[in-house]
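Data first, discussion second: the structure below is written as structure tokens.
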């Protein structure tokens, strides 16, 4: 494997590059540079496959690669990069309408799209507070807390196990996603419990994600990460499992914020068929 490719894949696997959209954007940039040097032949196909395999659950890169396969040239990659950037702006603008002045918002993990929605609402002058889960075991939620706090937004960082304790203090929940599937929304492990708790307390549960995250693949691979992220000591009768994602059934989702508008789960399901 080419050294720079190996280094790039390590960055993806280690979560130095994280988030479905961010992985897609950085992968497209890498492939753009790679194609300038190597072209769009078999090496390009092999490289694309290896990058996609590094984080198999997120579908957005898969969908981008399918588009590139039909029209292999630099302009296709550039169009996708522009499209992803514009999608994020549209999601931020549309999603901010769900946030009223004075709202408290709970979020989970780190999502560029969910953060963009929250930031847009704040830039509109709305006084908001964000409850961010730390998101074990890699603490991606701390990244969210720091990112929003640096903007000047009031953030309260909480443990994952404290969601029920604090849900009464929030008005809405907004999370990102890695894929929209017929079974539900694929997102960071721990999303499903938040959705259940939100419904129990009658709090709207919103998901932000662009339509390139629609997943029509027959099979979903839920990535299981290294057990060392949880516990390092070896014990003969102790097995550690570390799934990275769960699936929140559509019945728990209030609305989906896409670049095309705020949609119902039914709207998304019709697009998946």
Problem - Principal-axis tilt of helix 191-200 within the chain, Cα atoms, nearest 10 degrees - result: 30 degrees
Completion exercise
Taking Cα pairs closer than 8 Å and at least 6 residues apart, the relative contact order of the chain in percent is 18 percent
Completion exercise
As a Kirkwood estimate from alpha-carbon pairs, the range 133-273 has a hydrodynamic radius in angstrom of 16.5 Å
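If you build the convex hull over the alpha carbons only and average its shadow over all orientations, what do you get for the range 111-178? Give it in nm² to one decimal.
4.5 nm²
Between residue 218 and residue 67, what length comes free when the chain is fully extended (0.36 nm per residue of separation minus the Cα-Cα distance, one decimal in nm)? Let's see the in-between values first.
Values: separation 151, 0.36 × 151 = 54.36 nm, distance 1.80 nm.
Full extension of this stretch gives 52.6 nm more.
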Problem - Residues listed by number, the range 111-132, amide nitrogen under 19 Å from residue 171 label point at 7 Å toward C-beta - result: 114-132
Fill in the blank from the handout: So the compactness index of the range 92-144, its C-alpha Rg divided by 2.2 N^0.38 Å, takes the value 1.12
Handout entry: Residue among 130, 170, 117 with the largest mean-square fluctuation in a Gaussian network model of the chain, springs linking Cα atoms under 10 Å
Key = 170
Handout entry: Calculated FRET efficiency for the pair residue 156/residue 233, C-beta based, R₀ 25 Å, to 0.05
Key = 0.15
Fill in the blank from the handout: Rh (Kirkwood, all Cα-Cα pairs) for the chain, Å, reads 19.3 Å
Practice task
Subtracting the Cα-Cα distance from 0.36 nm times the residue separation, let me have the gained length for residue 37 to residue 146 in nm, one decimal.
Solution key: 35.5 nm
Exercise for the section: Would you mind pulling out the separation of the Cα centroids of the range 18-74 and the range 230-273, in Å? Expected result: 23 Å
Fill in the blank from the handout: Calculated from DSSP helices alone, with each H run of at least 4 adding -39500 (n - 2.57) and the total divided by the residues of the chain, [θ]222 nm to the nearest 500 comes to -14000 deg cm²/dmol
Problem - Mean shadow area of the range 233-273 over all directions, Cα convex hull, nm² - result: 5.5 nm²
Practice task
Based on the mean of other Cβ atoms within 10 Å per residue, sort peptides 214-222, 174-182, 23-31 so the most packed one is first.
Solution key: 174-182, 23-31, 214-222
Completion exercise
Per residue, the convex hull enclosing the Cα atoms of the range 1-128 spans a volume in Å³ of 110 Å³
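No lab work stands behind these numbers, since they all come straight from the coordinates. Just so it is clear, the model here is predicted, and its values are computed rather than measured. Here the Cβ is made from the backbone with ideal geometry for all residues, glycine too, and neighbour counts use every protein chain on show.
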